[in-house]
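Working notes, structure below.
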Amino acid sequence: MSRRKLAAGNWKMNGTRAALSELQALVSAHPDPSVDILICPPSTLLRDAAALADTAPLDIGGQDCHSEATGAHTGDISAPMLTDAGATHVILGHSERRENHNESSELVRAKARAAHAAGLTAIICLGESLSEREAANTLDIIAGQLSSSVPDATTAVNTVIAYEPIWAIGTGLTPTVAQIDEVHDFIRTRLITRFGPDIGNGVRLLYGGSVKPSNAAEIFETDNVDGALVGGASLKQSDFSPIIKALEESA
Ligand code: 13P
């Protein structure tokens with residue numbers, strides 16, 4: 001099955017309106033990409049980013065949403081609000097949210113349901129810590145997060161899975177290609193077992209954690225890597241564009 005590749009940028013808590021020039025540069029640099037390109041800016045930039053991307057082959061996403069559509073939840077943002085702001089995707093269960101905000105896999109699944117109900121594609125993040133990897137627990141951790149975070153109504157359109165080993169995020173460390181391959185093959189097999197071959201083979205699997213222009217091509221050679229979720233190197237067009245090009249060339 002051929003899956004369209006996806007280059008996704010997670011700006012995290014970075015970027016004021018001045019950063020929109022990077023988005024403009026990205027749009028100009030990729031007028032006709034052969035892969036999907038997504039930028040998830042902070043919520044404050046969603047409207048401006050969506051307006052800028054409106055006529056361009058670039059999607060805009062949020063970085064989190066609440067599990068409910070409305071209500072007394074000061075500081076939170078709901079899935080319909082993201083849709084209303086022009087987002088088409090939302091990152092859920094990022095390890096920084098699981099750690100900093102104590103998000104459980106069950107909560108991530110509730111958020112994914114809310115995202116689906118609002119018509120958003122949920123990018124559900126999974127990943128082990130360094131101590132879990134060193135204890136040879138990686139696949140158990142991934143299996144648990146996968147079964148508890150991913151809702152039953154998952155389809156190849158409404159869900160993307162991102163494997164982001166926590167120890168590789170923002171550290172410059174990356175797993176070997178063999179390690180990425182092992183986890184992505186494992187996730188693929190689990191998805192096929194749970195959802196059947198059409199959905200299981202159709203869901204795109206991203207790798208995230210210290211992806212840079214210098215290592216992207218090697219990572220994209222892996223069969224079940226359908227793209228990347230990029231943090232630091234997505235903030236500047238000059239860093240993100242070579243990663244997008246490497247993905248286009250990996251087809
Ligand atoms: P870095 O690319 O900065 O390591 O971040 C990865 C990440 O967490 C993307 O969601």
### Query
Hull surface divided by four, with the convex hull built on the Cα atoms of segment 123-251: how many nm²?
7.5 nm²
#### Entry: Extent along principal axes [Cα atoms of segment 194-247; Å; largest to smallest]
40, 19, 16
### Summary
Answer in debye to the nearest 20: the dipole magnitude of segment 157-249 about its Cα centre, from +1 Lys/Arg and -1 Asp/Glu charges placed on Cβ, is 300 debye
### Loop-located GluC sites (Glu not before Pro) in segment 209-251, at most 14 other Cβ atoms within 10 Å (DSSP)
Glu221
### Contour excess over end-to-end distance, with Cα ends at Ser104 and Thr55 and 0.36 nm allotted per residue
13.9 nm
### Query
Could you state the per residue volume, in Å³, of the convex hull enclosing the Cα atoms of segment 75-128?
73 Å³
### Task
Please report, in cubic angstrom per residue, the volume enclosed by the convex hull of the alpha-carbon atoms of segment 32-90.
70 Å³
### Query
Of Lys5/Lys111; Lys111/Lys245; Lys5/Lys236; Lys111/Lys212, which ones are farther than 22 Å apart at the Cα?
Lys5/Lys111; Lys111/Lys245; Lys111/Lys212
### Task
Report, in whole Å, the centroid distance computed from the Cα atoms of segment 78-106 and segment 1-39.
18 Å
### Task
Return the distance in nm (one decimal) between the two label points of a simple spin-label model at Glu134 and Ser214, each offset 7 Å from Cα along Cα→Cβ.
2.5 nm
### Query
Per-residue ellipticity at 222 nm for the chain, helices alone: DSSP H runs ≥ 4 residues times -39500 (n - 2.57), over residue total, nearest 500 deg cm²/dmol?
-12500 deg cm²/dmol
### Task
Using the 2.2 N^0.38 Å rule of thumb for compact globular proteins, work out how segment 15-118 stacks up: its C-alpha Rg over that value, please.
1.12
### Task
About the Cα centre of segment 65-108, how large is the charge dipole given +1 on each Lys and Arg Cβ and -1 on each Asp and Glu Cβ? Please answer in debye to the nearest 20.
60 debye
### Task
Go through Gln237, Ser43, His89 and say which Cα lies farthest out towards the positive end of the charge dipole of the chain; charges sit on Cβ, +1 for Lys and Arg, -1 for Asp and Glu.
Ser43
### Message
Please list log₁₀ I(q)/I(0) at q = 0.08, 0.13, 0.14 Å⁻¹ for the chain, using the Debye equation with identical point scatterers on the alpha-carbon positions.
### Response
-0.27, -0.75, -0.88
### Query
What is the spin-label model distance, in nm, from His73 to Thr189 if the labels are put 7 Å beyond Cα along the C-beta direction?
3.6 nm
### Message
Counting each pair of different Cα atoms once, what's the Kirkwood radius of segment 106-166 in Å, rounded to one decimal?
### Response
12.0 Å
### Kirkwood Rh, angstrom, segment 54-169 [1 / mean 1/r, Cα pairs]
14.6 Å
### Task
In whole Å, largest first, what are the principal axis extents of the Cα atoms in segment 1-76?
43, 38, 20
### For a label point 7 Å along the Cα-to-beta-carbon line of Asp152, residues of segment 173-213 with backbone N under 18 Å
191-197, 199-200
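Values quoted throughout were computed directly from the atomic coordinates according to the rules given, and no laboratory measurement underlies them. Because the structure is a prediction, the values reported are computed rather than measured. FYI the Cβ positions are ideal-geometry reconstructions off the backbone, even for glycines, and counts take in every protein chain you see.
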